[in-house]
Structures are given as C-alpha cells and as structure tokens.
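Everything on this sheet refers to the single structure shown next.
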Amino acid sequence: MVKVDIHKAGYDQGEPVIRQVHFQINQGELVGLIGPNGAGKSTTIKALLGTIGFVEGQVQFNDTYAYIPEQPVYYDELTLWEHIQFTASICELSEEEMNRRVKPLLNIFRLKNVVHQYPTSFSKGMQQKLMIVLAFLTKPSLYIIDEPFIGLDPKAMKDFLRLLDQERQEGAAVLMSTHMLDTAERICDRFVLMMNGEVIIQGTLEDILNAAGTRHATLLDSFEVLMERTVK
C-alpha cells in the first residue's frame, strides 16, 4: 500500500532531521511507528504527507490516504456538520452516501447532538473525535495516524480501534505513531523503531524482543533496552 524510501528529509534544505528511513506497509497491516520524543516520527509523517521543507527519496502510495493529526485541525467558521459536508464534497460523495457513512460514526462517538456546534467550543477529546469521524468518512486505503489516543476516553479508544480493525479487514493499511506501547503491542502487526532521526530496528514483536534479548518481556521493556544500547 505504501513504500517509503527516504534518504534524508528536514525543514530546511541541507539540514536533515531524518536519514535512511525505509519501510513499507502492506494491505490490511497496522505498523506502529515508535520512538522517544525527538526521534523523528512526526518528521517522517510530514515527509510522507509532503508537508516538509525538503525530502530526498521517494514515497509511493497505491491509492488514497487519510491523516489523523495529534493536534486537531479544523476551520473555526465551520460547524461539525459543515466539516462533514466539506469533506464529503472533496471526496465527491453523494449526500446519500455521506449520510450512510457518517450517521453511525456520529452515534458511536456521541457527537450527533453537537453537529451544528463549532469545534472551537469542544473539548480536546471531542475535537479528536471529529478528526476520526472525518477520516473514516473518506474510507481511504491508508490511514496515517499521529498519537490518536490523546484526549480520548476509554470507550472512544475502544470504538476507534474496533472501527480501525474493520477497515483493515476490508484491506486498509495503517501507519500509527504512538507512545502507548502497551496498546501498540496488542494491535500492531509490525513496528518501526526510530531514534535520533534514523530507523534502528523494524519487524514483528518477536523480532523486537529477540533483538533486545528480552524474549519473555514486553515491548516497553525491549524499547528501553534498545534505547539504552543505542545511546551507548
């Protein structure tokens, strides 16, 4: 679904933030992009999206993608429902198809009673739910997700993961950056671990545990071992 071959990328020409970032995501697969703060995860996502100063390399998408940012992005002058209509128009969805897709989402995330309100009045969690609803509305072949759980209550997290699993069963791929390693361990098929702007290891949970020498431990334990080893 996506192949990433980035030799170097950054915000200013000649000042790379990430180097030699190479991975791919297959149909129906959920890949976790993990690493400490400043590792280059967000820069990698921006390089994929083409919203960064320079990228030397290539990113290949087979089809459409949706992006769920860590910090919700919305139009102050549009209501929740107007955001939905705007997104549907960009995706050339009929009104019938828009309603068919979005009404269950509004019910699931308990937003149906605020559809005519402005997101500026919402809590961070409700704003994040809006981002999720808009992403699922488009039904892309690839979801690029940056720290999706911040601000979500436990039920919203569970609903989000359930819907994401349904999309994967229909063939969608997912790249998810997250610090919640306990959740990542449960839901990800593979991991890309970054540090200091480079990929230090990638593979399945078993691959990560073996590389760290922590076969019977958790992803968090292995993460700490690999971080300490890289720093040394």
**Message:** Check which residues have an amide H placed less than 5 Å from PHE191's amide H, if you skip close sequence neighbours.
**Reply:** GLY32, GLY203, THR204
**Request:** May I have the pair-distance distribution P(r) for the chain, computed from all Cα-Cα distances with 10 Å bins from 0 and rounded to whole percent?
**Result:** 8, 31, 34, 21, 6, 0
**Asked** Which of the aspartates and glutamates could a cross-linker span from LYS155 if the Cα-Cα distance has to be under 18 Å and same-chain partners fewer than 8 positions apart are dropped?
**Response** GLU147, ASP165, ASP182
**Request:** Starting at the first residue of the range 145-154, write each ³J(HN,Hα) from the Karplus equation 6.51 cos²θ - 1.76 cosθ + 1.60 with θ = phi - 60°, in whole Hz, x for Gly and Pro.
**Result:** 10, 10, 6, x, 8, 5, x, 7, 6, x
**Request:** Find the centroid of the Cα atoms in the range 1-40 and in the range 167-225, then give the distance between the two in whole Å.
**Result:** 14
**Asked** What list of ³J(HN,Hα) couplings, whole Hz, do you get for the range 113-121 from phi and the Karplus terms 6.51, -1.76, 1.60, once you set θ to phi - 60° and write x for glycine and proline?
**Response** 8, 10, 5, 9, 9, 8, x, 4, 8
**Asked** Lys pairs in the range 38-146, Cα-Cα under 23 Å, at least 8 apart or on separate chains: how many?
**Response** 13
**Prompt:** Hey, what D do you get for the range 159-232 in µm²/s if you plug the Kirkwood alpha-carbon radius into Stokes-Einstein at 37 °C and 0.692 mPa s?
**Reply:** 247
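What whole-number volume per residue, in cubic angstrom, does the convex hull of the C-alpha atoms of the range 51-137 give?
Details: hull volume 10.7 nm³, N = 87.
Given the Cα convex hull of the range 51-137, per-residue volume reads 123 Å³.
Any read-out appearing in this document is the output of simple, stated calculations on the displayed coordinates, not a laboratory observation. Please read these numbers as outputs of a predicted model, since none were measured by experiment.
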